[in-house]
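I have placed the structure first, in the form of structure tokens, so that the comments after it can refer back to it.
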């Protein structure tokens, strides 16, 4: 990710900054980063686990599951670079490993591993005094009675989570001991289907009621430069936790937002992160009569899926340009203080398992005033799975309007005009 | 810049440009006369053309003096116009694609065709496993474009006119993270 300062890498002539971009095969983000690099005039070297070698520019084959070997290959073949950037989650550890070998400033591998494991997050945050739900970690080899004990220790309702999955996959609410045990069994099946380690523990944590939000920021100099705060006004109470509606800027009171940003910054530092994009998810727990931001999860990356399309930055920049600029140690333009025009995104969840046959009503949905885009992300004919088994969304609806409430209304109206056919 | 052009530019910046950029393309006002605005789309406009009617509706709603919106690519006619037949550049590009690119992308069930060429700009369309693939842009910008530039010095630029959203068999599909 980062090579602070403006000097070039050793052995390089003064020219366009050279960036190693690690692109996983299954990402929404490749086009955004390539366009950002082109707009910034960067010299790009790409490493990927899916790209075909066509003899154009260097595309280095890598395997994110084998970061040591891939890092050695990259160092041998890429030539000097000024920064290493992971385009999406599967490349985060490899990017850190490569940067360490090249001597480039970057998040340490250990910090990235901390951010990629929900049980490590909870332990680090507990040690640092970061506000979060009460939790218990149940080893994979523990008898089912341990799940029951853990759930009773944190209290009901509770949430049972896989520690290595994302996008709300492998997360279930449980309202009693039997439901907690059933949830754990189900999540083990999800982990098996996702080919995760059989030694992976499960997380059992307190269910926090209250508004949910996400904070996206760039971490630099120990502080967070916030790029967006999304309210999530329709986050369900369970048993699954589909992220559907995201609206920015947040309509939460300024003091609550400021406290949430402080908590997210504290959480990032507690994991050992030092730079780059941060995506934090929090709930505002107001059971004690005063709003208390509590950390749910944090990832060392930008907001997922196509959600960044809902964001607006000065001069027409896209989020990926800010990430690349930050990685190169270039100043990132201030995002505020004037509020951005309200915008939002609705992520279409998979309603039931089956084969996607059609998404009807798209023209009607796109015609709703305020709607600025509608993308169906899964091709017709593909098998789809709802949460907690699946990790994909059918598509994304985007809106802009004069107020956050109008954005929300436009997105929901557009959603209501769509008919998803799954057989 | 006329007032009307400024209004259209502002409407573009507010409601269109961000999502166009995020789809791997860029857009600007190329011409405005008699209420008809011509927008030039560069980069990978294939991802943008399916939005043409929506973009027109947005601009017409924001700027009442506009009666129609046309999308064009550099050196080409309006979006959706028939591909130009023949042409030395198109034929030369076709040869390079067929000998040096298509044998490789066939490994991913893909195929790349030339949709047209004019004024140095080559328009390509990705098919099969390449249409809608999450790595299509990497294949184009890191592989096909520099290869064509090296082989065809007369090439001014490469435009992907594929409607990726309608791809039914992409080799790699993106995952939400």
(message) So, in the range B:140-154, how many residues would count as being over 15 Å from the mean Cα position of the chain (by Cα) and touching a residue at least 12 places away in the same chain (Cβ under 8 Å)?
(response) 6
(request) Enumerate the pairs (first residue in the range B:110-121 and in contact (Cβ under 8 Å) with a residue 24 or more places away in the chain; second residue anywhere and in a strand (DSSP E or B) and surrounded by fewer than 18 Cβ atoms within 10 Å (Cβ to Cβ)) with beta-carbon separation below 9 Å, excluding pairs fewer than 6 apart on the same chain, so at least 6 apart or on different chains. (result) B:110/B:127; B:112/B:127; B:120/B:157; B:121/B:157
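Would you tally the residues in the range A:21-37 being within 7 Å of chain B (Cβ to nearest Cβ) and either touching a strand residue (DSSP E or B) at 6+ places or on another chain (Cβ under 8 Å) or assigned to a helix (DSSP H, G or I) (or both)?
Of the range A:21-37, the ones within 7 Å of chain B (Cβ to nearest Cβ) are A:23, A:25-28, A:30-32, A:34-35.
So of that shortlist, the ones also either touching a strand residue (DSSP E or B) at 6+ places or on another chain (Cβ under 8 Å) or assigned to a helix (DSSP H, G or I) (or both) come out as A:23, A:25, A:30-32, A:34-35.
Residues flagged as within 7 Å of chain B (Cβ to nearest Cβ) and either touching a strand residue (DSSP E or B) at 6+ places or on another chain (Cβ under 8 Å) or assigned to a helix (DSSP H, G or I) (or both) within the range A:21-37 amount to 7.
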(message) Yes or no: the range A:58-69 includes at least one residue that is within 14 Å of chain B (Cβ to nearest Cβ), buried (at least 17 other Cβ atoms within 10 Å of the Cβ), more than 24 Å from residue A:170 (Cα to Cα) and in contact (Cβ under 8 Å) with a residue 24 or more places away in the chain.
(response) yes
(request) Just name the residue that is surrounded by the fewest Cβ atoms within 10 Å (Cβ to Cβ) out of those in the range B:66-79 that are modelled with pLDDT under 85 and assigned to a loop (DSSP other than H, G, I, E, B). (result) B:77
(request) Could you look through the range B:103-112, keep only residues that are touching a strand residue (DSSP E or B) at 6+ places or on another chain (Cβ under 7 Å) and either more than 17 Å from residue B:170 (Cβ to Cβ) or buried (at least 19 other Cβ atoms within 10 Å of the Cβ) (or both), and pick out the one that is farthest from the other protein chains (Cβ to nearest Cβ)? (result) B:112
(message) I need the full set of residues from the range A:270-291 which are touching a helix residue (DSSP H, G or I) at 6+ places or on another chain (Cβ under 8 Å) and either farther than 16 Å from residue A:250 by Cβ or buried (at least 21 other Cβ atoms within 10 Å of the Cβ) (or both), in order please.
(response) A:270, A:271, A:272, A:273, A:274, A:275, A:276, A:277, A:278, A:280, A:282
(request) Looking only at the range A:202-221, count how many residues are more than 20 Å from the chain's Cα centre (by Cα), touching a residue at least 24 places away in the same chain (Cβ under 8 Å) and surrounded by fewer than 20 Cβ atoms within 10 Å (Cβ to Cβ). (result) 4
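To keep it simple, each residue is scored yes or no on (1) at pLDDT below 90; (2) farther than 21 Å from residue A:142 by Cα; (3) more than 14 Å from chain B (Cβ to nearest Cβ).
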site: A:173; (1), (2), (3): no, no, yes
site: A:176; (1), (2), (3): no, no, yes
site: A:185; (1), (2), (3): no, no, yes
site: A:216; (1), (2), (3): no, yes, no
site: A:224; (1), (2), (3): no, yes, yes
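Of everything in the range A:362-376, what is at the interface with chain B (Cβ under 9 Å from one of its Cβ atoms) and touching a helix residue (DSSP H, G or I) at 6+ places or on another chain (Cβ under 6 Å)? Give them in sequence order. Quick ask: steps written out before the conclusion?
Taking the range A:362-376 and keeping what is at the interface with chain B (Cβ under 9 Å from one of its Cβ atoms), we get A:363, A:366-367, A:369, A:371-376.
Of everything in the range A:362-376, those that are at the interface with chain B (Cβ under 9 Å from one of its Cβ atoms) and touching a helix residue (DSSP H, G or I) at 6+ places or on another chain (Cβ under 6 Å) turn out to be A:366, A:371, A:372, A:373, A:374.
Sort out which residues of the range A:241-259 are surrounded by fewer than 17 Cβ atoms within 10 Å (Cβ to Cβ) and assigned to a loop (DSSP other than H, G, I, E, B), and write them in order of number. Quick ask: steps written out before the conclusion?
Pass one, the range A:241-259, residues surrounded by fewer than 17 Cβ atoms within 10 Å (Cβ to Cβ): A:253-255, A:258.
The answer is A:253, and nothing else.
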(message) Given the condition surrounded by fewer than 18 Cβ atoms within 10 Å (Cβ to Cβ), at pLDDT 90 or above, assigned to a helix (DSSP H, G or I) and touching a helix residue (DSSP H, G or I) at 6+ places or on another chain (Cβ under 9 Å), answer yes or no: does some residue in the range A:89-107 qualify?
(response) yes
(request) Mind telling me which of the residues B:12, B:51 ends up being at pLDDT below 80, surrounded by 14 or more Cβ atoms within 10 Å (Cβ to Cβ) and closer than 30 Å to residue A:29 by Cβ? (result) B:51
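What about residue A:132, is it within 21 Å of residue A:200 (Cβ to Cβ) and assigned to a helix (DSSP H, G or I)? Spell out the reasoning first.
Details: within 21 Å of residue A:200 (Cβ to Cβ): yes; assigned to a helix (DSSP H, G or I): no.
Here the answer is no, as residue A:132 does not meet what is asked.
Please list, ordered by residue number, the strands (runs of 3 or more DSSP E) wholly in the range A:323-423 having 2 or more residues that are free of Cβ contacts under 8 Å to residues at least 40 places away in the same chain. Before the answer, list the steps.
Numbers: elements: A:343-348, A:354-360, A:371-376, A:395-400, A:419-422.
Hits in the range A:323-423: A:371-376.
For (1) at pLDDT 95 or above; (2) assigned to a helix (DSSP H, G or I); (3) more than 10 Å from chain A (Cβ to nearest Cβ), each residue gets a yes or a no:
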| position | (1), (2), (3) |
| --- | --- |
| B:81 | no, no, yes |
| B:85 | no, no, yes |
| B:95 | yes, yes, yes |
| B:117 | no, no, yes |
| B:142 | no, yes, no |
| B:159 | no, no, yes |
| B:162 | no, no, yes |
| B:172 | no, no, no |
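The values are calculated or read from the model by the stated rules, or taken from the named source; none is laboratory data. Predicted model only: the values in this text are computed from it and were never measured. Neighbour counts are summed over all protein chains in view; Cβ atoms, including those assigned to glycine, are modelled from backbone coordinates with ideal geometry.
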